[in-house]
Amino acid sequence: MADNHESEKAVHPAAAEPTADQAASQAGTAEAPAGIGTAPPAGGAEIPAARDAEIARRDEEIARLRTELDQAKDRALRSLAELDNYRKRADRTIEEESRYALLPLVRDLLPVLDDLRRAIDSSPGGDAASLREGVELVARKFESVLAKYHCKPIDALHQPFDPNYHEALMQQPSSEFPPNTVLQVIRTGFTLHDRVVRPSQVIVSTAPP
């Protein structure tokens, strides 16, 4: 009987003691259900806040860039306007210089015309008639050349005195014309386009005594 009992112990040996690793594994498995529903890691709550801060920073950067772009556009528009104004001023200057380039020439030629006119006026009739006619022809031709270049005599006789076009040499009482009327032209004035080359020298009427 004793032998049979020992044989059973040999066939069915006692269960071995668990190792330390197996014990820790079993303990973790047993404790796992207790971890369900616990709080997330501490750093997870900071993610949305960091994302919002980054979005706000980018919005500020975009707003700053838009402001700088608007300022750059404004500066560019002002520069274009200034350039356009400068071009217009330059065009006007060039046009005026071209328009009045002959002004010195006209001033030099006018005394020649004055001499011709004086020769005509001082020439008596009779034998000098042909000379007078020739000089008159030269004077008319000279005036036509001046008119070709837009240099024209100022119509002053019997016109109201205008200091922009007339230079009063003296005054003379007149009952025929109202005061401040040109009674006589001593020297004819001329204009080049709309600019006075020289005023007409005139005698101006005053009220009779």
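Please treat every number below as a calculation from the coordinates, not as lab data. These numbers were taken from a predicted model, which means no experiment stands behind them. All Cβ positions, even for glycine, are placed from backbone atoms using ideal geometry, and neighbour counts span all protein chains on display.
Quick notes on this structure:
- Of the peptides 136-146, 180-190, the ranking by mean beta-carbon count within 10 Å, highest at the top, reads 180-190, 136-146.
- Of all DSSP beta bridges confined to the range 103-206, the antiparallel ones make up roughly 60%.
- Highest to lowest packing among 150-159, 75-84, 168-177, scored as the average C-beta count within 10 Å: 150-159, 168-177, 75-84
- Distant-in-sequence amide contacts of A156, defined by a placed amide H-H separation under 5 Å and a gap of 5 or more residues or a different chain, comprise nothing.
- Debye-formula intensities of the range 63-115, expressed as log10 I(q)/I(0) at q = 0.19, 0.21, 0.25 Å⁻¹, are -0.75, -0.80, -0.90 (one equal scatterer per alpha-carbon, no solvent).
- Under Karplus coefficients 6.51, -1.76 and 1.60, residue-wise ³J(HN,Hα) of the range 49-62 in Hz, glycine/proline x: 5, 5, 5, 4, 5, 5, 5, 4, 5, 5, 4, 5, 5, 5
- The local environment of D59, defined by Cβ-Cβ distances under 11 Å, has a net charge of 0 under the rule Lys, Arg +1 and Asp, Glu -1.
- Expressed as a fraction of 2.2 N^0.38 Å, the C-alpha radius of gyration for the range 103-206 is 1.19.
- Amide H contacts of T206 (H built 1.01 Å from N, in plane; Pro and chain starts excluded): Q172, S174, N180 sit under 5 Å, all sequence-distant by 5 or more or on other chains.
- Sequence-separation-based contact order of the range 91-197, relative, with Cα cut under 8 Å and 6+ spacing, percent: 29 percent
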